[in-house]
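Before any comments, here is the structure.
The values are calculated or read from the model by the stated rules, or taken from the named source; none is laboratory data. What you are looking at is a predicted structure, and each value in this text was computed from that prediction instead of being measured. Here the Cβ positions follow ideal geometry from the backbone for every residue, glycine too, while neighbour counts run over all protein chains shown. Areas reflect the complete protein model, heavy atoms only, side chains present, ligands, DNA and RNA absent. Shrake-Rupley method; radii C 1.70, N 1.55, O 1.52, S 1.80 Å.
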Amino acid sequence: MTFVTWIRRIVWRLRDLPGPPPGITQADAEDLLEKGWHYVDEGQLSKAEGVGKKLVAMKFTGGVELIAVVQAERGNLEAAVDTLSSGIALKPVWRLGHLRANYLSDLGRYDEALEAYRDCDGMFGAKPDCTALNRAIALSRADRDDEARSALQPLLSKEISDEELKAQVWAVARDLDLVPPEAISQSP
């Protein structure tokens, strides 16, 4: 790192400028995030959390997601929800909103989860099919199976190119008795 780049980074931190510090690219941040996910996979949660904090300092929202996942892995879903809420307040991106909604559902806070899923639809990078699937799951968990079936029905009647998502949709449909027995053998 050159002296000029080092000075620019200091000025950037002092001014709280948007975007990554000078000399750091999107690719650098993505490589660091990948390293953080590797640490999570290896169970090295403290290292993953450290990477997340570095990414947050770089104003990269993946760092917020990484920290929240570490908190959840440690069994603290409430802290993860709070972390994700803080990240969404800074930059409303779908990955943060969707993960927050999933964790709210895991906590049994279904009405809040359903509201959070609705909020996801307007966020940057939204994946409506994935959101609709998880909304249906939250409705089912809340013993609102008729609403869950209604939420899932549009996904069954459309072409979904993501094979993993398609398999999840069909699995939930089977759990909700939404798929006739003769169609189960034809499902993914």
| request: Quickly work out the Gln26-to-Ser85 label distance, labels modelled 7 Å from Cα along the C-beta direction, and quote it in nm with one decimal. | output: 3.1
| Given +1 on the Cβ of Lys and Arg, -1 on the Cβ of Asp and Glu, and no further charges, what dipole in debye does segment 57-151 carry about its Cα centre, rounded to the nearest 20? | 360
| remark: On the accessible surface of segment 36-164, probed at 1.4 Å with all protein chains in place, carbon and sulfur together account for a percent value of 47
| Estimated inter-spin distance, Asp145 and Arg118, nm [label 7 Å along Cα→Cβ] | 2.5
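Mind scanning Lys35/Lys91; Lys53/Lys166; Lys59/Lys127; Lys47/Lys91 and naming the pairs with a C-alpha gap bigger than 26 Å? Intermediate values should be presented prior to the final figure.
Values: Lys35/Lys91 23 Å; Lys53/Lys166 34 Å; Lys59/Lys127 23 Å; Lys47/Lys91 24 Å.
From the list (Lys35/Lys91; Lys53/Lys166; Lys59/Lys127; Lys47/Lys91), the Cα-Cα distance tops 26 Å for Lys53/Lys166.
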| Cα centroids of segment 19-75 and segment 97-174: how far apart, whole angstrom? | 26
